Amino acid sequence: MASVPSLAATVHQRLADALSAALPEAGASADPLLRRSDRADFQANGILALAKKLKGNPRELATRVTEALPGTGSGSVIKEIEVSGPGFLNITVSDEAILETLAARTADERLGVPLADEPGTTVIDYAQPNVAKEMHVGHLRSAVIGDAVFRILEFTGENVVRRHHIGDWGTQFGMLIQYLIEHPHELDHKEDVTGEEAMSNLNRLYKAARTLFDSDEEFKERSRRRVVDLQAGEPQTLAMWQKFVDESKIYFYSVFEKLDMEIQDADVVGESGYNDMLDETCRLLEESGVAVRSNGALCVFFDDVKGPDGNPVPLIVKKSDGGYGYAATDLSAIRDRVFGLKATTLLYVVDARQALHFKMVFETARRAGWLNEEVDAVHLAFGTVLGKDGKPFKTREGETVRLVDLLDEAIARATDVVREKAEKVGLTEQEITENGAHVGIGAVKYADLSTSASRDYKFDLDQMVSLNGDTSVYLQYAYARIRSIIRKAGEVGPVPHTGLELAPAERALGLHLDQFGETLSEVAGAYEPHKLTSYLYQLASLFTTFYDQCPVVKAEGGREQVENRLFLCDLTARTLHTGMGLLGIRTPERL
Ligand code: ARG
């Protein structure tokens, strides 16, 4: 008798269990022995290595395993098994096993994806723009990748804390604050200013302050003194500084809203948030000997970090003038995250060009004992966004591209695409606008997420909103098509019938659906959202083949087959919806 599969079981897992039982020599898990294969559903090719270890004949061992496996009759996971080549096992699973396993998880909102056994606490540092500065494509990548990784980790049951380490501190504020003190009404405005207006206020102020700073020696001097006041926490100076932070937040939040991303005040803990810890961080490092004085500065040295002249390049924790920089803040943030937030993993979604900084900061924290076997730090480094020409993304005039302009253009292009089909689908003007935003933002996110983060990628809007190929639009259309099939089926609903025989395209789709949970745990384990996009793209492609070859509503096998195919449709749609949701991408019902 076949046992009823548990919710979290996959065909793959059931097969691996059966193999383990038949092959006790392999130890606790025979899982690594099993691969998806083109020749059969699965291939167990670990027998070779195992035979070598046991000093036996691989073909004999394979045959012995075959005999020890439960039969291939009705109710069995295995339909066919053959020994091939020097000792591979080619295994075809039964249609019943596929359907049973998928049916077991339909009632579950999580689609059978198990929660982590021992969840930890991950602090994820992402979406960290700088105060009084325009956001650019680099900030886009951090936000998009970070948001997806946040959602994926949270879905696996991890406790995840967000930290937006915004650049809100430093000597550059002396000039801005001084200017605002001398021109006190420059940031006064009505309450409900838009993000764009806020940014243009900041830009205007920045330009004016800069001009004065470059032309007026006395203003320059007053600005320098203002930095000292800021560091000393002088109230009027701090109040002015706060105005810049608040104005910038209006702008940041408007961009995040456009990106369809949630951001909460409590999670915005910028560089300034660690001011109170800087002294102590330095003291701890100096007392423990991790940092040493060198030319008046407090430094940490590394054997393998040297400049072009061969001299060591230290991490400067405190400058010789007593000022603190980026490193002191990051080291303090580590202490806060480890001892305050009780993190077990620190994740930094930051440009690859900051790799050396993080290498030195992490190594320093390890020497200080703040990072250790229990707490790990990972720099999830991403590459540069390139223009169509393969060079770093710039406007024709050679300026950095404003993120907002880019997003607006993506939305405009996507809206055109949506509009073309809108009449056929019967979309209202409001739906066209809404879908245009979801398709446009989805396109930008998907393009970013579908290349492995560490690689540079080309920002090419034409390709991003293309209906064919590996794009979010393609996936969104696949989803909407399935939803429309289900709507058209009317009162006939999705019901699995585990006794039915499956067509090849149904089996292929079913076996791919089976892999969702395992794909997700791999994606979460290595922080690799691009493996989720490729899983989903394959899913949509397999669905397209299925739909070409297997009529759903007009299935030739009668009502049961219609219901069973609707069941495959429904599970595909839900998997697409969940998967896209984890990437931060919406799936409109009608498109
Ligand atoms: N604000 C920085 C930038 O725009 C990124 C901050 C990254 N996070 C960190 N903990 N250093 O480049």
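Look at segment 119-139: where a residue is within 23 Å of A410 (Cβ to Cβ) and a partner is more than 8 Å from the ligand (Cβ to nearest atom) and among the hydroxyl-bearing types (S, T, Y), sitting 6+ places away or on another chain with Cβ atoms under 6 Å, you get H136/T400.
Conditions (1) touching a Lys or Arg at 6+ places or on another chain (Cβ under 8 Å); (2) closer than 30 Å to G233 by Cα; (3) not basic (K, R), marked per residue:
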residue: D95; (1), (2), (3): yes, no, yes
residue: A132; (1), (2), (3): no, yes, yes
residue: L140; (1), (2), (3): no, no, yes
residue: V149; (1), (2), (3): no, no, yes
residue: G157; (1), (2), (3): no, no, yes
residue: L176; (1), (2), (3): no, yes, yes
residue: L180; (1), (2), (3): yes, yes, yes
residue: P184; (1), (2), (3): no, yes, yes
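May I ask you to list the residues in segment 342-351 that are within 16 Å of N372 (Cβ to Cβ) and more than 10 Å from the ligand (Cβ to nearest atom)?
Initial filter on segment 342-351 (within 16 Å of N372 (Cβ to Cβ)): 342-346.
K342, A343, T344, T345, listed by residue number.
Among the candidates E234, E247, E221, the residue that is charged (D, E, K, R) and in contact (Cβ under 8 Å) with a residue 24 or more places away in the chain is uniquely E247. Between F173, F155, the distinction of being of a type outside the set (G, A, S), within 16 Å of the ligand (Cβ to nearest atom), on the phi < 0 side of the Ramachandran plot and open to solvent by less than 60 Å² (accessible area, probe 1.4 Å) belongs to F173 only.
Of the residues making up segment 129-142, one or more are basic (K, R) and farther than 27 Å from D376 by Cβ. Mind checking whether some residue in segment 363-382 is within 12 Å of the ligand (Cβ to nearest atom) and either free of Cβ contacts under 8 Å to residues at least 12 places away in the same chain or open to solvent by 60 Å² or more (accessible area, probe 1.4 Å) (or both)? Checked against the condition, which is being within 12 Å of the ligand (Cβ to nearest atom) and either free of Cβ contacts under 8 Å to residues at least 12 places away in the same chain or open to solvent by 60 Å² or more (accessible area, probe 1.4 Å) (or both), segment 363-382 yields no hits at all. Is there a residue in segment 269-290 that is among the polar types (S, T, N, Q) and touching a Leu at 6+ places or on another chain (Cβ under 8 Å)? Yes. Residues in segment 209-237 that are at pLDDT 95 or above and outside any helix (DSSP H, G or I) were compared, and the one that is surrounded by the fewest Cβ atoms within 10 Å (Cβ to Cβ) is D216.
Out of R141, R162, report the one residue that is open to solvent by 20 Å² or more (accessible area, probe 1.4 Å) and either within 12 Å of the ligand (Cβ to nearest atom) or under 21 Å from I585 (Cα atoms) (or both). Before you say what the answer is, go through the steps one by one.
Details: R141 fails: open to solvent by 20 Å² or more (accessible area, probe 1.4 Å).
So the residue among R141, R162 that is open to solvent by 20 Å² or more (accessible area, probe 1.4 Å) and either within 12 Å of the ligand (Cβ to nearest atom) or under 21 Å from I585 (Cα atoms) (or both) is R162.
Is it the case that V350 is touching a residue at least 12 places away in the same chain (Cβ under 8 Å), closer than 30 Å to A148 by Cβ and part of a strand (DSSP E or B)? I'd like the intermediate steps shown before the answer.
Numbers: touching a residue at least 12 places away in the same chain (Cβ under 8 Å): yes; closer than 30 Å to A148 by Cβ: yes; part of a strand (DSSP E or B): yes.
Yes, satisfied.
Of the helices (runs of 4 or more DSSP H) lying entirely inside segment 516-591, those carrying at least 2 residues that are more than 27 Å from the chain's Cα centre (by Cα) and at pLDDT 95 or above are 529-549, 559-582.
In the list H497, H512, which residue meets the criterion of being open to solvent by less than 50 Å² (accessible area, probe 1.4 Å), at pLDDT 95 or above and not in a helix (DSSP H, G or I)? It would help to see each step written out before you state the result.
Values: H512 fails: not in a helix (DSSP H, G or I).
Answer to the check: H497.
Scanning segment 402-442 for residues that are within 25 Å of L583 (Cα to Cα), of a type in the set (A, V, I, L, M, F, W, C) and open to solvent by 20 Å² or more (accessible area, probe 1.4 Å) gives I411, A412, V417, A437. Looking only at segment 61-82, residues that are surrounded by 13 or more Cβ atoms within 10 Å (Cβ to Cβ) and over 18 Å from H12 (Cα atoms) come to 5 in all.
Here's a check for you: in segment 106-130, which residue that is open to solvent by 10 Å² or more (accessible area, probe 1.4 Å) and within 12 Å of the ligand (Cβ to nearest atom) is nearest to L566 (Cα to Cα)? Here the answer is Q128.
Sub-7 Å Cβ pairs linking a first residue in segment 35-58 that is touching a residue at least 60 places away in the same chain (Cβ under 8 Å) to a second residue that is in a helix (DSSP H, G or I), at least 6 apart or interchain, are D41/L511, ordered by first then second residue. Among the residues of segment 21-54, those identified as modelled with pLDDT of 80 or more and closer than 30 Å to D108 by Cβ are A21, A22, A40, D41, F42, Q43, A44.
Against the condition within 16 Å of the ligand (Cβ to nearest atom), farther than 30 Å from L176 by Cα and within 33 Å of the chain's Cα centre (by Cα), how does I98 come out, does it pass? Write out each step before concluding.
Values: within 16 Å of the ligand (Cβ to nearest atom): no; farther than 30 Å from L176 by Cα: yes; within 33 Å of the chain's Cα centre (by Cα): yes.
Taking the combined requirement at face value, the residue does not satisfy it.
A quick yes/no check of all residues on (1) β-branched (V, I, T); (2) within 23 Å of the chain's Cα centre (by Cα):
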position: D408; (1), (2): no, yes
position: V439; (1), (2): yes, yes
position: Q476; (1), (2): no, yes
position: K488; (1), (2): no, no
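For segment 352-362, a residue qualifies if it is away from the ligand (no atom under 11 Å from the Cβ) and open to solvent by less than 20 Å² (accessible area, probe 1.4 Å), and the qualifying residues are M360, F362. Against the numbered list (1) open to solvent by less than 30 Å² (accessible area, probe 1.4 Å); (2) among the basic types (K, R); (3) away from the ligand (no atom under 13 Å from the Cβ), R337 comes up short only at (3).
Within segment 435-451, the only residue that satisfies the criterion of being of a type in the set (S, T, Y) and under 17 Å from G138 (Cβ atoms) is T451. The conditions of being without any contact (Cβ under 8 Å) to a residue 60 or more places away in the chain and touching a Leu at 6+ places or on another chain (Cβ under 6 Å) are met by A328.
The values are calculated or read from the model by the stated rules, or taken from the named source; none is laboratory data. Worth saying up front: this structure is predicted, and the values here are computed from it rather than measured. Here Cβ is always computed from backbone atoms with ideal geometry, including for glycine, and neighbour counts include all displayed protein chains. Just the protein is used for accessible areas: all its heavy atoms, side chains included, with ligands, DNA and RNA removed. Shrake-Rupley method; radii C 1.70, N 1.55, O 1.52, S 1.80 Å.
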